[in-house]
Amino acid sequence: MPHLWMFLLQSLTPAEHKVVLIDGNAQPMDEAGIARYVREEKIDLVGIGAMTRMIAKAYRMADAVRAAGVPVVMGGPHVTEMADEALGRDGGSRHADAVALGEADNTWPRIVEDAARGELKDIYAPVDAAGKELKPSLRPYPIIPWDTIDLKQFNLVPKVAKRWLQKIGAGWGTFRIIPVESGRGCPYGCEFCTVTGFFGDSIRFRTNESVVNELLMLKARGRRERGQFAVFFIDDNFAINLKRTKSLLRDIIAAGAQVHWVAQISANLLRDQELVDLISASGGKWIFIGMESIDPANLKDVNKGFNKPEEYAAVLKRLAQRNVYAITSFIFGMDNDTVGAAERTLEQVRTWPPGLPIFGLLTPLPGTPLYKRLDVAGRLTRPKHWQEFIAFTMAHTPLKMTIDEAHAEVNYGWSHSYNPEALAHAVAALDDQPLGYRVNIFLARLCFRGIYFPMLGRFAWLKVVSENRGTIFKLAKQGFAAWWDSRFRPEAAPETSAGD
Ligand code: B12
Ligand code: SF4
């Protein structure tokens, strides 16, 4: 999925400038490649955004661009906290000519104008003339021209299958997941999270109309191209204001702007049955829930005591009754975790409707209260872990187990949730549902498996397909039977034979 910031800043760029977007995930380039590109295309200014985990690579790319003689501006959550690092003021080398702190909606046009005049400043802060912090209101919100943006690099359908898939149903020649924001900010202040510090606890929303129009634009393009769009509402807590969220979802339904969508919502807000009904009716398919832990002591430690593990099951059942499933996110290596935390978590997960469990390690990100607490306590083992990023590797010592034991817990969680037996079990749990739901969960599990187990390359995929051949055969058999019934025994075919 592409990152929203680049489309947003592109829309906010003064009209006389041309913007080219390169997503390092979709179009990998090495240092020599990016240097060649900026020289050949005669690029005048490069903007780079990155999260903490990708900042080391971002700095390397920035160094190569600067060595080619092109100025670099960096922005995003990491450099907002570590501006001195990016500007080489902490004793290290300089990677950026300028840093945009915080939300750059209002500063970006100024940065571009300064760069055009050759007068880039080191730091751009979102403040007014009196130095008071200014948060963009999101009303008005720029129109992101999804109908004309070149989205080739984000098509998830393999090229070889494109022509054939275009003919299926409403057309599957393209499938793209598009980030859309309907609001910003979260006041909850969980200890490990960057969001409350970065976006502030002032929550801001776009108008319903502007969100609905964006969805309608995506739908129209999908129809035109005989392809599909799904939307990720990237709001940190999509239902933080229940009344507003319900009104947005009602407007989406009234305008016929439903697309399949995913959003992040904390479990406490999903108690509301009307909200869940509206989620389902407006196209909501997957809800990402930061469950973090099934241990209330852990949740209290990280200032997330509003999560109540005893209600997780009810929340997930309420969603599943409306055919909405959950991406349930857990963190191991918390201070009250002991060996066996993963199995204890999975014991609960197995009693829930099938979903997409994901597992990570407690990570002290710069600028978070967690970072400060661990630093003061002298518990950081790799205080600048981002300079040498290693996936799924702790940067501090947990209290009740070793670092290696915490790593083993994460490995246990992923292995036991994504092995062929677990996938078969998830599919079987939906045996009473339309076939489309079973195919959906199977494909989603295969893709999510790749978060932990690298699945790059044809052979990695072939291996996984072979390991899961039993489930694939079962689904193919059911698919053939459904097709046969709909063709030759219409009276026997179920009303909805393929779900979505
Ligand atoms: C969507 C999202 C994802 C998506 C993918 C990202 C995508 N393709 O969009 C998914 C779900 C996959 C994801 C995964 C992860 N995410 Co995430 N994600 C987000 C989320 C919710 C929204 C991002 C967004 O679009 N925001 C809205 C835009 C408008 O804001 P923005 O990106 O910050 O951009 C503004 C400014 O920062 C600035 N800006 C940004 N870049 C640039 C560049 C330039 C040149 C300039 C001038 C300005 C600028 O201008 C923009 C407009 O104001 C944010 C939280 C948040 N609300 O931002 C977390 C967030 C970015 N994620 C975070 C994390 C930790 C992760 C994971 C590491 C989690 C994990 N443990 O696995 C993974 C890593 C994924 C990976 N492998 O790279 C952290 C990052 C903190 C940090 N210091 O790095 C955040 C902030 C959430 C948090 N809880 O703290 N994430
Ligand atoms: S609820 Fe989510 S977005 Fe809000 S502070 Fe906690 S982890 Fe961050």
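Among the helices of the chain, those built from whole DSSP H runs whose Cα atoms reach 20 Å or more along their own axis and whose mean Kyte-Doolittle hydropathy is at least -1.0 are 208-225, 403-418, 435-452, 469-488. In angstrom, the C-alpha Rg and Dmax of segment 194-280 are 13.9, 42. Note that the chain presents 48 Å² accessible area per residue, ligands and nucleic acids not counted, probe 1.4 Å.
Could the peptides 187-195, 137-145 be put in order, highest first, of the mean number of other beta-carbon atoms found within 10 Å of their residues?
Numbers: 187-195: 18.1, 137-145: 14.9.
Ranking the peptides 187-195, 137-145 by packing returns 187-195, 137-145.
For LEU356, the residues whose amide H sits under 5 Å from its own are ALA326, ILE327, THR328, ignoring neighbours fewer than 5 places away on the same chain, with H placed 1.01 Å from N. Ligands, DNA and RNA left out, the 1.4 Å accessible surface of segment 313-379 is 54% carbon and sulfur atoms.
At a Cβ-Cβ separation cutoff of 4.7 angstrom, cysteine residues of the chain with no neighbouring cysteine are CYS186, CYS447. Sorting 225-231, 255-261 by average packing, meaning the other beta carbons within 10 Å per residue, from highest down gives 225-231, 255-261.
For segment 57-133, rounded, prolate or oblate, judged on the Cα gyration tensor with a ≥ b ≥ c (square roots of eigenvalues), a/c < 1.5 rounded, else prolate if a/b > b/c? Before the final figure, lay out the partial values.
Working: a/c = 2.02, a/b = 1.35, b/c = 1.50.
Oblate.
Dividing the helix sum by the residues of the chain, where each DSSP H run of 4 or more adds -39500 (n - 2.57), gives a mean residue ellipticity at 222 nm of -12500 deg cm²/dmol. When a 1.4 Å probe is rolled over the protein heavy atoms, the share of accessible surface on segment 18-141 that falls to carbon and sulfur comes to 51 percent. Pairs from the table (LYS243/LYS317; LYS42/LYS152; LYS57/LYS463; LYS317/LYS463) lying more than 25 angstrom apart at Cα are LYS57/LYS463; LYS317/LYS463.
The values are calculated or read from the model by the stated rules, or taken from the named source; none is laboratory data. Computed from a prediction, not measured in an experiment: that's the story for all the values here. Glycine gets a Cβ as well: all are built from the backbone with ideal geometry, and neighbour counts include every protein chain shown. Please note that ligands, DNA and RNA were not included when accessible areas were found on the heavy atoms of the full protein model with its side chains. Shrake-Rupley method; radii C 1.70, N 1.55, O 1.52, S 1.80 Å.
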